[in-house]
Amino acid sequence: MQLKADAHFAQHLDASDPLNRFRREFLIPERAGKEQVYFLGNSLGLQPRRTKAAMQKVLDQWQHWGVEGFFMGAEPWLQYHDQLVQPLAAVVGALPQELVVMNSLTVNLHLLLVSFYQPKGKRNKILCEAKAFPSDQYLLETHVRQRGLNPEDIIIEVQPRNGETHIRTADILAAINNHRDELALVFWGGVNYYTGQLFDMRAITAAGKAAGSLVGFDLAHAAGNVPLELHRWNVDFASWCSYKYLNSGPGAIGGAYVHERYHHDPNLQRFAGWWGYQKETRFLMQKGFVPITAAEGWQLSTPSPILYAAHQAALDLFAEAGMEAILEKGKSLSDYLLYLLEVTGVLASGKLQVLTPMDAKGCQVSLLIPSTGKAVFQQLTDAGIFADWREPDVIRVAPVPLYNTYSEVWHFCQVLKEALSV
Ligand SMILES: *Cc1c(COP(=O)(O)O)cnc(C)c1O
């Protein structure tokens, strides 16, 4: 389609958007009665209108049944997990039994590393991206140290080339190949939180597996944002949080994936708890851990049905909208944003640099604005636009497919152009 850079055309895109009805499913933040432009769905997704009722249902069941709510009522809490993995399977491209909804992201990654970081002799290295999200850096550093190893000997980081802002796929694959005899684990992000770069997870997995390594991903910025085929790509494990693109609320319950080939492996190390014990005999409370032969076998503790309910409400919207339509619109929104920056002369002005690769991204676009960045950010805020400021000079914006519009993207570019005096 031939894009145009006027407000009418943005309205036309909104009118013909097959997902436009989903905006009304969300509570949009307002100031003085005016809906704000919320481009922070990569940080905390907005609240679906139906979340409150879903959570209230759990409270009502608790009121009515007490602990019997695990077994009784319209939606017994014990079976709730099965309802979640069905819609989630479509979001991350996995078999339902390869998924478990539990804990939160960093906790899950530690638990998964217990199973999937198994250093043996000189095959003890972990390959990862330089400048990963801080929690991932701390995770690897402390996990490795806890095994009695020195992080400096173990962790190999791959960087962008000098003067470049993102990491070339060829450099990642070359690093895997160069260390092919020493890799225990390739651990990577799906989408970098800072630059918005979408990594080629399929190629990274194939190269890692060919090198005899295990391969796992942190999908915090990928789940619900970019195409994922974890099972088909043969990924060993992954985890994500549900409060960013998945709109399941602050501190939402996280998710994890474990390839089915590990579900029956009795030799795999893990940290266990009673909630991972096989369901038929869990409540006999016997000695000796017998895991559920599914990703659920990695659960430790009693989950919160209140958090399940918030997750379910959000996942239902993903199922109703359909992953294909969601991914298509997400890409189309960020493409439109980049198109507008180009045709309005903002890019050519040299006052701003796009950190996000044009051809490898989801919804998020990261803009580097040297010197005037903070002032520009303030003007965006004053104009009712929620964006994200990263010291010292980066503004991240994420127009998301379920509740953002092309008109909002157009408005954002107008305000940005003015703020930059282009
Ligand atoms: C948001 C994010 C996290 C946050 O982890 P929590 O354990 O959910 O607080 C971790 N890693 C990445 C890459 C993230 O983007």
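Determine which single condition P29 fails, assuming it passes every other condition in (1) more than 16 Å from the ligand (Cβ to nearest atom); (2) over 21 Å from A398 (Cβ atoms); (3) open to solvent by less than 50 Å² (accessible area, probe 1.4 Å); (4) in contact with an Asp or Glu (Cβ under 8 Å, 6 or more places away or on another chain).
Going through the list (1) more than 16 Å from the ligand (Cβ to nearest atom); (2) over 21 Å from A398 (Cβ atoms); (3) open to solvent by less than 50 Å² (accessible area, probe 1.4 Å); (4) in contact with an Asp or Glu (Cβ under 8 Å, 6 or more places away or on another chain), P29 breaks only (2).
Within the group P76, P134, which residue is without any contact (Cβ under 8 Å) to a residue 60 or more places away in the chain, within 16 Å of the ligand (Cβ to nearest atom) and on the phi < 0 side of the Ramachandran plot?
Answer to the selection: P134.
Yes or no: the range 152-163 includes at least one residue that is open to solvent by less than 70 Å² (accessible area, probe 1.4 Å), in a helix (DSSP H, G or I) and closer than 30 Å to L355 by Cα.
Looking through the range 152-163, at least one residue is open to solvent by less than 70 Å² (accessible area, probe 1.4 Å), in a helix (DSSP H, G or I) and closer than 30 Å to L355 by Cα.
Can you spot a residue in the range 219-241 that is free of Cβ contacts under 8 Å to residues at least 40 places away in the same chain, closer than 26 Å to R390 by Cα and in the same structural domain as R123 (by TED's automatic domain parsing)?
no
Just the residues that are in contact with a Ser or Thr (Cβ under 7 Å, 6 or more places away or on another chain) and surrounded by 21 or more Cβ atoms within 10 Å (Cβ to Cβ), please, taken from the range 84-138.
Passing the criteria: L105, N108, L109, L112.
Looking at the range 93-115, which of its residues are among the hydrophobic types (A, V, I, L, M, F, W, C), farther than 17 Å from W275 by Cα and within 15 Å of the ligand (Cβ to nearest atom)?
L105, L109, L113
Counting only residues that are under 20 Å from K244 (Cα atoms) and in contact with a helix residue (DSSP H, G or I) (Cβ under 6 Å, 6 or more places away or on another chain), how many does the range 50-83 have?
Count: 4.
Search the range 204-215 for residues that are in the same structural domain as F116 (by TED's automatic domain parsing) and pair each with any residue that is among the acidic types (D, E) when their beta-carbon atoms are under 7 Å apart and the residues are at least 6 apart or on different chains.
From residues that are in the same structural domain as F116 (by TED's automatic domain parsing), the pairs are L214/D236; V215/D236.
Does the range 257-280 contain any residue that is within 16 Å of the ligand (Cβ to nearest atom) and open to solvent by less than 20 Å² (accessible area, probe 1.4 Å)?
yes
Which one of the conditions (1) outside the structural domain of V400 (by TED's automatic domain parsing); (2) open to solvent by 30 Å² or more (accessible area, probe 1.4 Å); (3) in a helix (DSSP H, G or I) does L315 fail to meet, given that it meets all the rest?
(2)
The values are calculated or read from the model by the stated rules, or taken from the named source; none is laboratory data. Remember, predicted model here, so these are calculated numbers, not experimental data. Cβ coordinates were reconstructed from backbone atoms using ideal geometry, including for glycine residues, and neighbour counts include every protein chain displayed. Only protein heavy atoms, including side chains, enter the accessible area calculation; ligands, DNA and RNA are left aside. Shrake-Rupley method; radii C 1.70, N 1.55, O 1.52, S 1.80 Å.
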